[in-house]
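Here the structure is laid out as C-alpha cells; the discussion comes afterwards.
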Amino acid sequence: MRRLFQKNTKLVIQIELFALLICFCTLFHITPRALYCGEKVHALTVVKVNNKEVGYFKSKKEAEKAVKNTIQSKVPKKNFEKIEVKDKIEIEEKQVDSKLKVTSKKDGIKKIEKSIDVQTEYTEKSTANDDIQVEEQKTDELYVGETKEVEVGEVGTKEVETKTTYINGEVKDTKTSEEVTKPAKKKIILIGTKERPKNYSTLGSKYNAPMYKGNGQSIVDYGKLFLGNPYVYGGTSLTKGCDCSGFIYRLYLDSGYSVPRVGFDKIGKKVSLAEARPGDIVTYKGHYALYIGNNKVIHASNPQSGIIETNINYSGAVLSINRVIE
C-alpha cells in the first residue's frame, strides 16, 4: 500500500511539472520558431489569395506593399476608369509552424504575382468621318456612257467610342460603338440610258472607233475658250465643271465627233509623241489631256487647278497618244 502511494505521488508530481513547463513557455513565448530569410521567428504576416497562403512577410507593411505593387504592375500606363481585382485577398498575422522555411522574400512576391488577376477597362473617344454614300440614278436625258453629278454629297461626322478590357495588362476584349452626329449627304450621279447614233463607238473589242476627217486644231481652239473653268468629278459641262475625261468627251461631242466617255486609249490610231498633232488625245495613268502642240496639253487637272494648260509631262508618264481626226 505504501509503495502504491509513493508511485501515485511521483506521477502527480510529473504531471504538475509538465503543466508548469507549458505555462512557462506560454508566458515567455517560447514556441517553435520558423526560419525566415535566415532568421528564426515566431510569427509572420501571411498573404492569402482565394483562401490559399501564397506569401510570407516579416511585417504587415511589407505584405501590403507587395500586394499594391503587384496590382500596379498589371495595370497598363493609361488613365483607366475602372480597375478591378477579381480575387479575394487577405492579409493577416499568425503564428507559424517550425517546419516553415522562407529563403527569400522575392519568392513570396512572385507567388502573389502569379495568383492575382487584375482587370482594367479603358474607354477612348474620337471623332471620325461619316462617309458619303453614292447613289446612281438612270436617266434617258443622257446618252449611254454619259454621267452627271447632280448632288455633290458632303462628308458627315460621328463619335466613335472604343472600350478595351485588359487582364493583367493584356488586351482581353475590345468593343466599338458609333453615334452619327452629322449624317453625310448622298452623292447622286445620273447614268445615261439614251442610245447613241449607230456610228458611235465604245470600249471593247466589239466596236472600232471611227476615224473622222477634219481639223484637230479647231478642237484645240475650242478647248482654250474654257481655260480656268472648274473641275468637277463626274461632270461633262465645260462651263459648270467637268473631269479630265468629261472635258475631252465634251470637246469632241460639241465639235460633232462621237467618242466614248472614257477609254480614249482604245480608240482611233495610236501615234508617237514625235508624230502627235493638235487634237490628239493623251492618256496617262488615271488621267487624260488634249494635245495642243509644242509638247503642251490642256486638261481638267484637279479641283484646285480646274482646266489648265501645261507641259505634256505635267501629269506623269504618257501611256499612249491616240488620234481620232485625220
> Given the structure, is Thr176 at pLDDT 90 or above, out of contact with any His (no Cβ under 9 Å at 6 or more places or on another chain), over 30 Å from Lys68 (Cβ atoms) and loosely packed, with under 12 Cβ neighbours inside 10 Å?
Replying inline: yes
> Only one of Asp280, Asp265 is in contact with a Lys or Arg (Cβ under 9 Å, 6 or more places away or on another chain) and acidic (Asp, Glu); which?
Replying inline: Asp280
>> Being at pLDDT below 90 and not charged (D, E, K, R): is that true of Gly145 here?
In response: yes
> Tell me, which residue of the range 229-261 that is in contact with a Phe, Trp or Tyr (Cβ under 8 Å, 6 or more places away or on another chain), among the small types (Gly, Ala, Ser) and within 14 Å of Thr147 (Cα to Cα) is surrounded by the fewest Cβ atoms within 10 Å (Cβ to Cβ)?
Replying inline: Gly241
>> Can you go through Phe264, Phe226 and tell me which one is of a type in the set (Phe, Trp, Tyr) and buried (at least 22 other Cβ atoms within 10 Å of the Cβ)?
In response: Phe264
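The values are calculated or read from the model by the stated rules, or taken from the named source; none is laboratory data. None of these values were measured; they are calculated from a predicted model. Glycine also receives a Cβ, built like all others from the backbone with ideal geometry; neighbour counts cover every protein chain displayed.
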